[in-house]
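No value in this document is a laboratory result; all are computed from the given coordinates. Model, not experiment: these values are computed from the prediction. Cβ placement follows ideal geometry from the backbone for every residue including glycine, while neighbour counts extend to all protein chains displayed.
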Amino acid sequence: MPDNLLIPFLITAAGVVLLIIGISRRGRALSFKSVPCRPIASLAGGERQFITGKTHSPAAAPSPVTKTPCVFCHETVERNEEHYSSSGGDSSTDWVLVSDAACGAFFVTDATGTALAAPGAGSLDLVRPETSDADAIQPFGGTPGSLRRTERIIAADALVTVLGTPRSLSEFIQYLRQNAGGISPDFLAELLKMEKGPGAGIPCFFGGGLERIADQRYGDYVSGSESSASSLLWAGAAVTALGACAVLYTLNIFKGGLPE
């Protein structure tokens, strides 16, 4: 590929990628409209549905970076490492992942009842931005050997919307036995007590049965997902058109033919 076509081609490719992402998100956003949002007391077992409510947990803890009381935290830890070129002399630094951990489960309560949610990092769809301590450590990007912690959290007493298929508490406890870790011993002890009492019927969203969790009301989340998808589609179309025009201009199509 001629050098003068590289940048126009990359612009066009970037636009196509935005279009593909936008189409995917648009389809997902439209599918949300066909999924009911139900009061927790009216949840249908084995059916895909939304719930909305406030979070609470007997084991809420301060988050690692901002020390915000939270019921769930996804924390990544990275180390700044120095790399040397194979030719010698030149060096650069880069952040390398050291650990990636998601921890927490919590109750979601609305006016009719309570459900349990145990999200994973992949199910988070949060408006609240991730927070890093990198700036506090080193304003200029870190020095070799320094660590950077980044958190994404669901705060205690926060409004959330959950999309998924609820299952029973006994299934969740069996899931925990097969997938150790992720919740505190105090919370697990509370669940074991509930399993033997009136709380045994609580609906639980976990594993593959918890698709998305957002820190917004149901209506705001659905409309926001559709708006975000539309923005990506418009941006993708604009960037693709710009790239295509740049390619045509470079090939002198607008001037009557290819360059000799």
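How far, in nm, would the chain grow between Asp186 and Thr66 when pulled straight, counting 0.36 nm per residue and subtracting the alpha carbon separation?
40.9 nm
Listed highest first by mean packing, meaning other Cβ atoms within 10 Å per residue, what order do 98-110, 159-171, 119-131 come in?
The densest-packed peptide leads the list: 159-171, 98-110, 119-131.
Treat the count of other C-beta atoms within 10 Å as a stand-in for reagent exposure and order Ile202, Ile20, Ile173, Ile51 from fewest to most.
Ile20, Ile173, Ile202, Ile51
Quick one: length gained pulling Ser170 to Asn252 fully straight, 0.36 nm per residue minus the C-alpha distance?
22.7 nm
Note down the nm distance, to one decimal, between modelled labels 7 Å out along Cα→Cβ at Val127 and at Glu47.
2.8
With bins 5 Å wide starting at 0, give me the P(r) of the range 98-221 over every alpha carbon pair, in whole percents.
2, 9, 18, 20, 17, 12, 9, 6, 4, 2, 1, 0
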